[in-house]
Structures are given as C-alpha cells and as structure tokens.
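The values are calculated or read from the model by the stated rules, or taken from the named source; none is laboratory data. Bear in mind the structure is a predicted one, so any value in this text is a computation, not a measurement. Note: ideal-geometry Cβ built from the backbone for every residue, glycine included; neighbour counts use all protein chains shown. The accessibility values were calculated without ligands, DNA or RNA, using every heavy atom of the protein model including side chains. Shrake-Rupley method; radii C 1.70, N 1.55, O 1.52, S 1.80 Å.
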Amino acid sequence: MIKVMPIFGTRPEAIKLAPVIRELNKNNDFETAVCVTAQHREMLDQVLDIFKIKPDYDLDIMKPGQNLSEVTSRVISGLQEVFEQSKPDIILVQGDTTTVFAASLAAFYNNIKVGHVEAGLRTNDKKNPFPEEINRRLTSVLADIHFCPTEKSKQSLEVEGYKHNIYVTGNTVIDALFWALEIIEQNKNEEILKIKSWLDKKIGDNEIILITAHRRESFGEPFENICNAMKEIAIKYKNIHLVYPVHLNPNVRKPVYEILQSQENIHLIEPLSYLPFVWLMNRSYLILTDSGGVQEEAPSLGKPVLVMRETTERPEGVEKGTSVLVGRHKDVIIKTVSDFIENKEYYKNTSKISNPYGDGKASEKIVNNLHSYFNKVVNE
Ligand code: UD1
Ligand code: UDP
C-alpha cells in the first residue's frame, strides 16, 4: 500500500486537488491521508464542503493579514508533527502558493517524496507573479515527480535541466469544473438559487461582466488602475452589470470598496462558493481576472477572458486566443472590454475556441503515473 498525503492550503489548491483525491480513493493500492494547512480558512472550507473532503490533519495556520514568512514557518513546523505521526510515502502539492513550497521543503527534510501537480509553469520573471514564480521554481527543485498541465510546461522544466519523471496530464481544474457542472445539473443548489434570485431582481436579463482580482504584485497603484477601469466601464455601459466577488485579503478589499462601492451597476459581493461561482461564470458575458484558475476554466464555458496582469505563466490561452493579456493599464482594459462588447463577431469567434488546458482526465492520468512511478521505484 502506498501512502499518499495531498497537502493544500488555499481555495484554488483545494479545487484542483479535489478530483485527484477522488481518483486516489478509487484505487486500492493507495491509502490517502489529507492534510490542510488552512493558509485560507473560510475560502478553503467552502471547497472542502462542496467536494465533501474531510481532512485527516488540519494545521489551521491562517491569521488575518498574515505575511509570507509567517505562513512559511507555520507550515514547516506544523507539518513536522504530521509527518512523524502519519509517515506518508509521498506528498502531493498543487500549484505555486506558499503552502506548496513550504510543504515540499518540509517533506524533503523528512525524506518524503514530493509529487508536484501543475508543474512547470513559468513567466521567467522573478517578481511576477510574486511570490508564486519563485514558489514554483523552488518546488520543482524539491519535487521527485512533476505533473505538467501542458507540453509547454513540460518543455519549461526540460529547459531548466529536469529529465526524469515528468508527465503531461492536462490541468486538474478542468476535471473539477466538469465535476462541479455535474453536481449543478443533478441538484438544486441552495446558494445558486439564492444568487439567481438576487440577480433576477437586480439585473434582470442584462449582461454581466464577472471580475476577480487578488494578486500581491498588483497591490497599490496597479490595483487602483484596475478599479478605475471598472468604474469607467460601468459609467460607459450603464446596462451592463459588473459583479465582483471580492477576495478576503484586506489589501484587496480596501481599494475595491473605496473606489467601486458607490457605482450603481457594480455589485461587490463576498467570495462565492465554487458551485455558484461556476454558475455565475456561465451566466456572464465576459470575465476580467488576474486568477490562474479562472483563466483555465473560462474557455470550457466559452467565455473570453481579459487577464489583468503584465505576464502570464499560462501563455497557451493567450496564444490560442481564449484570453487577452491587458496588464493593469486602465485604457487597455477599457478598450479591450469595449471591443468584446461592440464587435460581436470577435466575441463569437473567441468564445468558440477550444480549451488548451485539459480535457477533464488529468486526475486519472496523475494517479496512473503515480502508480507506475512507485512500481518503477520498487523494481529498481
Ligand atoms: C494566496 C496565494 C496565492 C493564490 C491565492 C488564491 C501565497 C503567497 N498566495 O494569496 O498564490 O493565488 O491565495 O486565492 O501563497 N483571508 C481570509 N480568509 C480566507 C482567505 C484569506 O480572511 O479564507 C485573508 C486573511 O487576512 C489572510 C489574507 O487574506 O491573512 C491573505 O491570505 P494569503 O493566503 O496569505 O494570501 P492570498 O492573497 O489569499
Ligand atoms: N473561485 C470561487 N469563488 C470565487 C472566485 C473564484 O470558487 O468567488 C474559484 C475559481 O473558479 C477558480 C479558483 O477559485 O477555480 C481560483 O482561485 P483564486 O482566483 O483565488 O486563485 P488563483 O487561481 O489565482 O491561484
């Protein structure tokens, strides 16, 4: 029996590891013990609830306004005890958060193997995104097995000299999205009914632009530019409604509420749980985001995405045309939104482009590759 410990801390890691945990649970050769660091608390719990994941270990590290050093040290020291007790053969981490890097380092210190899901994403710009680009690079150094979402991410690892145990699997976020769509179809979800009736009252049949933004490197002036662009779009297109589930980070909430609160067709709401958020993406006309996961999900729903960042480690969408990199420049954001609103042909063509990030089978491939990896290790 191979003991696997998925470790995660934030909303996107939970969403992207949920289908991998489901797949591991189907396979009798694996014993799974789930550990959450709870780098996020409320936003993590929303996901655990939907996918019915009950962690075996919960480090509960989140503090309001936490800094990166605190997160790193709390994860490393918290995991020491968990590893001593549970003794996993391998941990699985996902993506580029501080939980990912710190958990990988703690595993290495304890001679435990590391599997990295969503490996090989790079901007090659140390401070963009901050600190995620460095978190990913450090995690690659520590990882024993790399699950890359695309050929491009595999090539990035090869360029850096990695040669062994690199697999292209697709991104597990598409598996999670399909799973969420299935749940939405099967059940009448209370939260979806609630947001639907709220939208019917406030917005009726008018179009929606969905917004999410939270990146650390945008705090300060770039974030204010983003908010001012939203405000001008709302003034220019009075019949279009901008809906923004605002991330719980206080550095995000302050400028967002200060600049956007008073605009009638801008609706600032609390972070949505995953099912209503997927439903809302589907109901939207256009999505403006700096989120990694949202860039990957939106093409499966036929929604064009404006990426409000200077660089992206997800160039596949930009190259294929599912997303447009608009930076944090007010005028570029407004011009691109206007193009999508006014040029219906451009909108239609963009929404038809297929998703470059996966086909919904990534978790199955990851678990199969993990299985062959351990067979190989045992036979060597
Ligand atoms: C983190 C990740 C980022 C990821 C993002 C996903 C790092 C350094 N950053 O950024 O890569 O894209 O999550 O959303 O790993 N908070 C709450 N409740 C929550 C979550 C956050 O109150 O459920 C507040 C707290 O005040 C917390 C702060 O937000 O201290 C920042 O959380 P943190 O995880 O450090 O950074 P994020 O900006 O969420
Ligand atoms: N998401 C959600 N509720 C929200 C906003 C986003 O469930 O209110 C989901 C979204 O569908 C995606 C993930 O959260 O799967 C992205 O998380 P986030 O933007 O926080 O992090 P990133 O992907 O940028 O690391």
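Here are a few things to note about the model shown:
- Dipole axis of the chain (+1 Lys, Arg; -1 Asp, Glu on Cβ), positive-most option in 186, 57, 336: 336
- Per residue of the chain, the DSSP helices (runs of n ≥ 4 H) give a summed -39500 (n - 2.57) that works out to -15500 deg cm²/dmol at 222 nm.
- Other residues with beta-carbon under 9 Å from the beta-carbon of residue 174 carry, at +1 per Lys or Arg and -1 per Asp or Glu, a net charge of -3.
- Annotation for the range 258-327: GluC sites (Glu not before Pro) lying in DSSP loop with at most 11 further Cβ atoms inside 10 Å of their Cβ are 264.
- Accessible surface ranking that places the most exposed of 164, 241 first, with a 1.4 angstrom probe: 164, 241
- Residue (of 131, 273, 220) at the positive-pole extreme of the chain, dipole from beta-carbon charges: 220
- Comparing 116, 354, 142 along the charge dipole axis of the chain, the residue lying farthest to the positive side is 354, per the Cβ-charge model.
- Degrees separating the helix 250-260 axis from the principal Cα axis of the chain, which is the longest one: 10 degrees
- Longest to shortest principal axis, alpha-carbon extents of the range 1-119, angstrom: 41, 33, 26
- Counting only heavy atoms of the protein chains and using a 1.4 Å probe, residue 160 has close to 70 Å² of accessible surface.
- Helix axis angle, 172-186 relative to the chain longest principal axis, alpha carbon, degrees: 60 degrees
- Computed from point charges on the beta carbon alone (+1 for Lys and Arg, -1 for Asp and Glu), the dipole magnitude for the range 290-363 about its Cα centre is near 160 Debye.
- Computed with every protein chain present, the accessible area of residue 109 is close to 140 Å² [probe 1.4 Å].
- Separation of alpha-carbon centers, the range 127-205 and the range 19-40, rounded to whole Å: 16 Å
- Lysines whose Cα lies under 20 Å from that of residue 127, excluding same-chain neighbours fewer than 8 positions away: none
- Over all other residues within a Cβ to Cβ distance under 14 Å of residue 87, the charged ones net out to -3, with Lys and Arg as +1 and Asp and Glu as -1.
- Evaluated with a Cβ-only charge set (Lys, Arg +1; Asp, Glu -1), the range 173-286 carries a dipole of roughly 240 debye about its Cα centre, given to the nearest 20.
- Checked against a 30 Å cut-off, the cross-linked pairs 254/348; 126/348; 52/365 give Cα-Cα distances beyond that limit for 254/348; 126/348.
- The dipole here belongs to the chain: it is taken about the Cα centre, uses +1 on the Cβ of Lys and Arg and -1 on the Cβ of Asp and Glu, and is about 460 debye.
- Summarising the amide proton neighbourhood of residue 306: residues at separation of 5 or more, or on other chains, whose placed amide H is nearer than 5 Å comprise 287, 288, 289, 324.
- Gaussian network model of the chain, Cα within-10 Å springs - most flexible of 46, 295, 94: 46
- Entries of 231/335; 16/320; 54/154; 152/231; 54/163 with Cα pairs more than 25 Å apart: 54/154; 152/231; 54/163
- Listed residues 108, 130, 101 arranged by accessible area, highest first, probe 1.4 Å: 108, 130, 101
- Residue range of the chain that is longest and free of trypsin sites (Lys or Arg not before Pro) which are both DSSP loop and sparsely packed (at most 14 other C-beta within 10 Å): 239-351
- Sequence of 45, 96, 290 from largest to smallest accessible area, 1.4 Å probe: 45, 96, 290
- Close amide-amide hydrogen proximity is noted between residue 269 and 244, 246, each under 5 Å apart and 5 or more residues distant or on a separate chain (H modeled in the peptide plane; Pro and chain starts excluded).
- 15 Å Cα-Cα reach of residue 236 towards aspartates and glutamates, excluding residues that sit fewer than 8 places from it in its own chain: 207, 264, 331, 339, 342
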